[in-house]
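J.: Handing you this structure, nothing more for now.
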Amino acid sequence: MSSYMLYPRNTSTRRVLSLDGMWRFSFDPEGIGTEKGWQNGLPATLTMPVPSSFQDYFTDKDSREFSGDVWYETDVFVPSEWQGQSINVRFGSATHRATVFCNGQEITSHEGGFTPFCAEISDVAVYGQYNLISVCVNNELHEYTLPAGNTILANGKKRVRPYFDFFNYSGLQRSVMLTATPKLAIQDFEVVHKSVDQVVCTDYKVKVDGVGFTACDIQVLIFDEAGVLVAQAEGQTGNICIPDVKLWEVHDAYLYKFVVRLSVDDEIIDEWFDYIGIRTISIDGTDILLNGKPVYLKGFGKHEDSDIAGRGFSLPVLKRDFELMKWIGANSFRTSHYPYSEETYYLADREGFLIIDEVAAVGFMASFANFLGQMGKRDCFFEKKTTPRLLDNHLQAVRELILRDKNHACVIAWSLFNEPESNHESAYPYFEKIFKEALLCDPQKRPRTFAMERSSDFASCHCRQLCDLITLNRYYGWYISGGPNIDDAERAFVEEMEGWKNSGIDVPVVFTEYGTDTDSHMHKLPSVMWSQEYQQEMLEMNHRVFDSYDFVKGEQIWNFADFQTTEGIMRVDGNKKGIFTRQRQPKSAAFDLKQRWESLPRDYKSTGGSK
Ligand code: GCB
């Protein structure tokens with residue numbers, strides 16, 4: 001399967017056809033589809049746009065809240081001239097798991113809703129004709145799935161109970177493509193950039209699938225942005241130094257086109273390319289170094305979320321988000337709380353944004369909702385009997401994330417959990433395995449972290465020594481001493497920060513969440529919680545605290561935009577902590593942030609980087 005993690009490209013040897021469009025769709029509440037032969041054709045059909053979440057189109061609650069199996073199908077023409085090649089249907093994602101059929105025959109299954117996978121149909125497809133592609137997608141949550149939750153029966157209907165604070169949008173939420181690649185093909189390509197004597201060079205490795213090649217059949221060609229060939233190498237592994245290399249920088253991205261070629265007897269058998277930024281990333285003491293120079297992170301925790309399409313991939317929304325992030329002076333974001341669409345990372349590479357790339361390991365706390373913190377004393381989440389299965393899924397999700405995103409210049413760190421129950425010693429062995437796997441999988445050995453909830457701090461967290469940088473989610477002035485008690489919040493915050501300082505913190509600390517729910521129509525003087533003025537005051541207080549500690553090397557507000565959640569007494573048609581509304585218009589705080597972020601130097605509070 002791994003060969004097809006490579007982003008699909010049309011080249012002299014490869015073909016990609018989009019299967020996006022209106023698919024046929026059915027709910028399967030009783031889970032009887034396969035037994036009844038729905039893979040040979042759906043009985044009664046609705047229609048459903050792909051990519052998109054299926055929830056927000058319908059006008060009844062049962063459809064929106066549906067948990068269980070849903071079926072998608074479409075007819076796919078497989079050209080006869082593709083015979084003899086490897087033909088795949090490639091899903092950008094299927095949330096949270098799927099089984100794929102071609103002409104009624106089961107092809108593959110995939111667990112995990114945020115990474116791509118392929119169904120190879122070469123031997124099943126009828127060439128020169130339309131073929132029926134059917135997908136059974138399941139969106140249930142369990143304590144052994146990423147993200148975690150559970151699924152209950154309520155009045156005879158399945159209902160999910162997410163252990164996390166975002167709507168359980170699901171379905172075929174990313175693009176689906178039909179690809180044709182040679183049988184002997186480039187399977188994977190990886191790059192590692194290293195600085196030696198002030199010169200940055202690139203080690204590369206090509207993996208080939210199939211038999212009948214020798215190392216000297218592989219060629220890597222590098223073109224600059226003007227299309228000029230600037231370097232080349234031969235062999236399955238190698239080192240390339242581009243003369244006068246132009247490094248990829250924050251807001252000043254430069255991307256080289258790496259063309260990988262596989263030839264047999266001088267004939268090109270396979271060709272694939274990617275746009276790659278050359279940069280180094282490291283941690284030096286409490287500094288984050290990009291190309292050896294300190295960088296302070298300014299930005300957001302985000303969600304893939306918008307009106308109507310839900311978590312469905314939308315190029316227009318993506319474009320608007322990047323324009324807003326540029327306008328406000330941000331330089332980074334976290335892909336909270338799951339890997340985003342591949343196109344997001346390509347745009348971040350193009351625009352020079354830094355990403356903390358997160359696995360969908362959210363809801364790993366023994367409380368009824370992780371954003372409420374731990375409710376009372378319970379057994380640790382990592383002591384449950386479902387843990388071995390969860391660990392397998394988690395390791396697989398880490399592997400798939402890193403396999404997919406390892407070459408992106410924009411990815412500067414891996415976030416391996418959001419707010420897990422790390423304040424219990426029994427969590428450590430689980431964490432150690434996850435952290436080791438990330439290190440093993442990533443050729444660039446990027447810094448690893450996990451976002452810590454308030455119950456995990458310098459004293460209580462049993463896993464923080466595994467982190468190359470510390471990322472904190474803190475709600476002083478909201479969940480802790482909000483409104484008229486904001487002074488108490490500030491005192492408590494300073495007290496916590498003194499604790500970190502006195503603990504001899506020797507790695508950077510980045511705030512990956514802080515914020516307030518804010519109604520975009522509400523103004524109030526003096527401020528009250530939920531008013532725009534309160535959001536401004538609360539951010540100001542947080543920034544005052546951040547500014548007092550030199551080891552704080554970044555601030556990513558919760559959240560970029562308002563987003564949809566499960567209904568409840570804590571949420572008013574979703575979470576309203578956005579600096580922008582769900583329709584991507586600014587709240588008052590956006591203007592304060594713009595002023596602050598545009599004035600902070602890139603190396604704010606640096607201790608002077610060397611590497
Ligand atoms: C958190 C969670 C995030 C929630 C946020 C909130 O700690 O990580 O998923 O949405 O708090 O707004 O409560």
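The values are calculated or read from the model by the stated rules, or taken from the named source; none is laboratory data. Remember, predicted model here, so these are calculated numbers, not experimental data. When we count neighbours, we look across all protein chains shown, and the Cβ atoms used for this are built from the backbone with ideal geometry, even at glycine. With ligands, DNA and RNA removed, areas are computed over all heavy atoms of the protein, side chains included. Shrake-Rupley method; radii C 1.70, N 1.55, O 1.52, S 1.80 Å.
J.: Which residues, taken from region 452-484, are within 15 Å of the ligand (Cβ to nearest atom) and farther than 14 Å from Asn423 by Cα?
T.: Matches in region 452-484: Thr471, Asn473, Arg474, Tyr475, Tyr476, Gly477, Trp478, Tyr479, Ile480, Gly482.
J.: Considering region 388-414 alone, what residues qualify as being β-branched (Val, Ile, Thr) and without any contact (Cβ under 8 Å) to a residue 60 or more places away in the chain?
T.: Those that are β-branched (Val, Ile, Thr) and without any contact (Cβ under 8 Å) to a residue 60 or more places away in the chain: Val398, Ile402.
J.: If a residue counts only when it is among the basic types (Lys, Arg) and open to solvent by 70 Å² or more (accessible area, probe 1.4 Å), which strands (runs of 3 or more DSSP E) contained entirely in region 1-61 have at least 2 such residues?
T.: Those strands (runs of 3 or more DSSP E) do not exist here; none qualify.
J.: Look at region 451-465 and say how many of its residues are touching a residue at least 24 places away in the same chain (Cβ under 8 Å) and farther than 14 Å from Cys380 by Cβ.
T.: Count: 7.
J.: Within region 129-150, which residues are closer than 22 Å to Lys384 by Cα, part of a strand (DSSP E or B) and open to solvent by 40 Å² or more (accessible area, probe 1.4 Å)?
T.: Result: Asn150, single match.
J.: Determine the pairs where a residue that is on the phi > 0 side of the Ramachandran plot, located within region 563-583, has a partner that is within 12 Å of the ligand (Cβ to nearest atom) with Cβ atoms under 6 Å apart, the partner being 6 or more residues away or on another chain.
T.: The qualifying pairs are Gly574/Asp562; Gly574/Phe563; Gly574/Gln564; Gly574/Thr565.
J.: Among the residues of region 162-198, how many are without any contact (Cβ under 8 Å) to a residue 24 or more places away in the chain and in the same structural domain as Asp56 (by TED's automatic domain parsing)?
T.: Going through region 162-198, the residues without any contact (Cβ under 8 Å) to a residue 24 or more places away in the chain turn out to be 196-198.
From the residues that got through so far, the ones that are in the same structural domain as Asp56 (by TED's automatic domain parsing) too are none.
The qualifying residues number 0.
J.: Also, quick follow-up: Against the definition (modelled with pLDDT of 95 or more, of a type in the set (Asp, Glu) and within 28 Å of Thr145 (Cα to Cα)), how does Glu106 come out, yes or no? Let's see the steps before the verdict.
T.: Numbers: modelled with pLDDT of 95 or more: yes; of a type in the set (Asp, Glu): yes; within 28 Å of Thr145 (Cα to Cα): yes.
Considered against the rule, which asks whether it is modelled with pLDDT of 95 or more, of a type in the set (Asp, Glu) and within 28 Å of Thr145 (Cα to Cα), Glu106 comes out as yes.
J.: Sticking with this one: Could you tell me how many of the residues in region 485-514 are free of Cβ contacts under 8 Å to residues at least 60 places away in the same chain and either within 16 Å of the ligand (Cβ to nearest atom) or not charged (D, E, K, R) (or both)?
T.: Here the count works out to 15.
J.: What number of residues within region 313-338 satisfy the criterion of being in contact with a Phe, Trp or Tyr (Cβ under 8 Å, 6 or more places away or on another chain), part of a loop (DSSP other than H, G, I, E, B) and away from the ligand (no atom under 16 Å from the Cβ)?
T.: The number of residues fulfilling the criteria is 3.
J.: I've got another one for you. Among the residues of region 401-425 satisfying the criterion of being part of a helix (DSSP H, G or I) and open to solvent by less than 10 Å² (accessible area, probe 1.4 Å), which is nearest to Thr115 (Cα to Cα)?
T.: To start, the set of residues in region 401-425 that are part of a helix (DSSP H, G or I) comprises 401-405, 425.
Restricting the remaining residues to those that are open to solvent by less than 10 Å² (accessible area, probe 1.4 Å) gives 401-402, 405.
Numbers: Leu401: 7, Ile402: 10, Asp405: 10 Å.
Out of the qualifying residues, it is Leu401.
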